[in-house]
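Asker: For reference, the structure I am asking about is given below.
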């Protein structure tokens, strides 16, 4: 019986896992933020329980879902609630000529998406997990 419950949990409540690439981007942004903003950034990432990666490999969106609806906890959101591009992150493959530009967006006071100029799947395949990262904060969240 417990194995059936475990299977149902995996089907209906899959574990949220950021990719190696997403983690590198998040870490690069967090390192450039003020200590207060970086702390909230980390809490927001820990709270995320739904990820959608677009089939074309150009967008990744995140939510905190409760009772089937988006519901990001206000206590870990930034005071700034407009939609803004928080950072641009450039990744360069160490062993190939592949490059990727990621634009990181916040909406309603929390991290919401990464947009890629070219499909992230192509870059991941060419870079084979080895890249250099540079981040430029465009707009501070607080």
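Asker: So for the chain: antiparallel DSSP bridges make up what percent, rounded to the nearest 5?
Answerer: 100 percent
Asker: Express in nm, to one decimal, how much length is gained between residue 18 and residue 54 on full extension, taking 0.36 nm for each residue of separation and deducting their alpha carbon distance.
Answerer: Net length gain for the segment: 11.5 nm.
Asker: Per the helix-only calculation at 222 nm, which mean residue ellipticity applies to the chain, given -39500 (n - 2.57) for every DSSP H run of n ≥ 4 and division by its residues, nearest 500 deg cm²/dmol?
Answerer: Rounded to the nearest 500, the figure is -9500 deg cm²/dmol.
Asker: On to the next question. With each pseudo-label sitting 7 Å past Cα toward Cβ, what's the residue 132-residue 108 distance in nm, one decimal?
Answerer: 3.9 nm
Asker: Tell me whether the stretch 63-142 comes out rounded, prolate or oblate; compute the Cα gyration tensor, take square roots of the eigenvalues as a ≥ b ≥ c, and use a/c under 1.5 as the rounded threshold.
Answerer: Because a/c hits 1.5 or more and a/b exceeds b/c, the stretch 63-142 counts as prolate.
Asker: Post the alpha-carbon centroid distance, the stretch 25-69 to the stretch 71-137, in whole angstrom.
Answerer: For the stretch 25-69 versus the stretch 71-137, the Cα centre distance is 10 Å.
Asker: Using 0.36 nm per residue, how much length does the chain from residue 80 to residue 125 gain when fully extended, once their Cα-Cα distance is taken away?
Answerer: 12.6 nm
Asker: Additional query: GNM, the chain, Cα, under 10 Å: largest mean-square fluctuation among 117, 43, 125?
Answerer: Checking each option, the largest mean-square fluctuation is seen for 125.
Asker: Still on this model: So between residue 94 and residue 117, what do we pick up on full extension, going 0.36 nm a residue minus the alpha carbon distance?
Answerer: Numbers: separation 23, 0.36 × 23 = 8.28 nm, distance 1.92 nm.
Stretched out fully, the residue 94 to residue 117 stretch lengthens by 6.4 nm.
Each reported figure results from applying straightforward, stated rules to the coordinates on display, with no laboratory input. Values in this document were obtained by computation on a predicted structure and should not be read as measured data. Note: ideal-geometry Cβ built from the backbone for every residue, glycine included; neighbour counts use all protein chains shown.
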